[in-house]
Amino acid sequence: MSVDATKLVIPGHGTAFHAPVNTAPPENPLTAFNLQADGPSPWKNLGHTSKQNTIAFTKEGGEKESIDTFLADAVRTTTSSVTWGLTVAALQFDHNTLDLAFNGEFDPATGGYTVATSAPLSAALFLYFQDTTGSVGFWIPNTEISLGDAPSVDTAQFLELPLSVSILSASNDAIPAVSGRAGIFQIFKTGLTATP
């Protein structure tokens, strides 16, 4: 490993793109996506998200436990399963965002959006972040999205729809397994190559 300041990223701006489950990213995704527009079809731009409550990964599990035998201590170590997720504080109250949050529908009689009991929406996501020197992206082909915490009102901030994203294992067709372990997501970075 060498020291290289060009490999650093300050995600000054970013957004999330969504598409049907297992949608592949476009070729050269860091140049194909643009913060200000939808991506190549069928990728849709989620639009404005909170700068105060930024997009954040969550990770639970992965604890290690030593297993003893009657003969010896700490013969093997096991690791508990890991659950990945995301929180995204969406700000745009539009059809796409309401569908991701509530998976409801518009009522033609009233023109209002009907929120029903929870039913997560399955989708692929591409998180896209930019700074002045480059971009970084995360392609997550298999997720379930719903509303996380209930919206709360802060008169000094934009009203947020806190989306909760469960990241599921990708199919082997979408992301090939690594040493028998299912793929979860792929990372793209300006200048990142497979050679060390």
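The values are calculated or read from the model by the stated rules, or taken from the named source; none is laboratory data. Just so it is clear, the structure is predicted and the values come from calculations on it, not from any experiment. Note: ideal-geometry Cβ built from the backbone for every residue, glycine included; neighbour counts use all protein chains shown. Areas reflect the complete protein model, heavy atoms only, side chains present, ligands, DNA and RNA absent. Shrake-Rupley method; radii C 1.70, N 1.55, O 1.52, S 1.80 Å.
The table for this structure:
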read-out	value
Relative contact order, percent, the chain [alpha-carbon distance under 8 Å, six or more residues apart]	24 percent
Distance in nm between pseudo-label sites at Thr193 and Asp68 (7 Å out along the Cβ direction from Cα)	5.2 nm
Residue-span extension gain [Asn172 to Thr79] - 0.36 nm each, minus C-alpha spacing	31.2 nm
Calculated from backbone phi, Karplus (6.51, -1.76, 1.60) coupling profile of region 50-59 in Hz, x at Gly/Pro	5, 8, 6, 10, 5, 4, 9, 6, 10, 8
Efficiency of FRET between Gln36 and Arg181 - r from beta-carbon atoms, R0 35 angstrom, step 0.05	0.45
Sum of side-chain charges, Tyr113 neighbourhood, beta-carbon under 15 Å (Lys, Arg +1; Asp, Glu -1)	-4
1.4 Å probe accessible area per residue over region 97-196, in Å²	57 Å²
Percent carbon-and-sulfur accessible area, the chain, ignoring ligands, DNA and RNA, probe 1.4 Å	55 percent
Whole-number Å³ per residue for the convex hull built on Cα positions in region 73-139	187 Å³
For region 146-196, average projected area of the Cα convex hull in nm²	6.8 nm²
Net charge, Ser164 excluded, C-beta distance under 12 Å - Lys, Arg +1, Asp, Glu -1	-2
Where labels lie 7 Å past Cα in the beta-carbon direction, separation of Thr155 and Ala5 in nm	4.6 nm
From the coordinates shown, percent of Cα pairs over 28 Å apart corresponds to which of (i) 30; (ii) 51; (iii) 36	(iii)
Normalised contact order of region 1-108, rounded percent, pairs of Cα under 8 Å and 6 or more residues apart	22 percent
Nonlocal amide H pairs with Leu168, under 5 Å, H built at 1.01 Å	Asn142, Thr143, Glu144
Highest-first arrangement of 33-46, 102-115, where packing means the average Cβ count within 10 Å	33-46, 102-115
Among Val3, Phe17, Gly61 the positive-end extreme of the charge dipole of region 1-122 (Cβ point charges)	Val3
In sequence order, calculated HN-Hα J values of region 134-150 (Karplus, 6.51, -1.76, 1.60; Hz; x Gly/Pro)	x, 9, 9, x, 10, 9, 10, x, 9, 9, 10, 10, 8, 6, x, 5, 5
